[in-house]
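Student: The structure that follows is given in the form of structure tokens.
Just so it is clear, none of the values below were taken in a lab; they were calculated from the coordinates. Nothing here was measured: the structure is a model prediction, and the numbers come from that model. Cβ: placed from backbone, ideal geometry, glycine included. Neighbour counts: every protein chain shown.
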Amino acid sequence: MAEAKQAIQRPLSPHLSIYRPLINMMMSIVHRITGTALYFGTLLLAAWLVAAAMGEEQFALVNTLFGHPIGKLVLLGYTWALIHHMLGGLRHLLWDTGRGLQIWQVNVLSWMTILGSISLTLALWAFALVLRGGL
């Protein structure tokens, strides 16, 4: 009779249940998400520009939509996505020069990207609100 084959011990394939999420992994995912979100946000910018070109009534309508609390929240999210994606791109540009590749540097740059994007978004919106004279 044929001998029973013994099970071969193989290494596990890498998957999410093996790896614990690290900051640089999360930043990679968020960078892709913000890049995708920027496509849709740019459609909002294009709609605003087209409305401005179409006339006063259409421009007022789009401004009313953007002035609604949900519209402001969408614009805030778009602003954060734009700044976060830009800072992530600068981080990658730094890595392309061969700098900042040690794990501790990667972690510091990742946290700086998060904190920087939030800080710059809040500063930009605060500056805009001061110029505008309030909410």
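Student: With the contact rule set at Cα under 8 Å and sequence spacing of 6 or more, what percent relative contact order holds for region 46-135?
Tutor: 24 percent
Student: Among the trypsin sites (Lys or Arg not before Pro) within region 43-135, which fall in a DSSP loop and have no more than 13 other Cβ atoms within 10 Å of their own Cβ?
Tutor: Counting only loop positions with at most 13 other Cβ atoms within 10 Å, the trypsin sites (Lys or Arg not before Pro) in region 43-135 are Arg99.
Student: Rounding to the nearest 10 and keeping the result within 0 to 90°, find how far the Cα-based axis of helix 69-96 lies from the longest principal axis of the chain.
Tutor: Computed tilt is about 50 degrees.
Student: As I understand it, the value is the acute angle between the Cα axis of helix 56-67 and the longest principal axis of the Cα atoms of the chain; what does it come to in degrees, rounded to 10?
Tutor: 50 degrees
Student: What fraction, in whole percent, of alpha-carbon pairs in the chain exceed 20 Å separation?
Tutor: 63 percent
Student: Right, next: May I ask you to derive the FRET efficiency for Asn107 and Leu43 from their Cβ-Cβ distance with R0 = 41 Å, giving the value to the nearest 0.05?
Tutor: Using R0 = 41 Å, I get an efficiency of 0.75.
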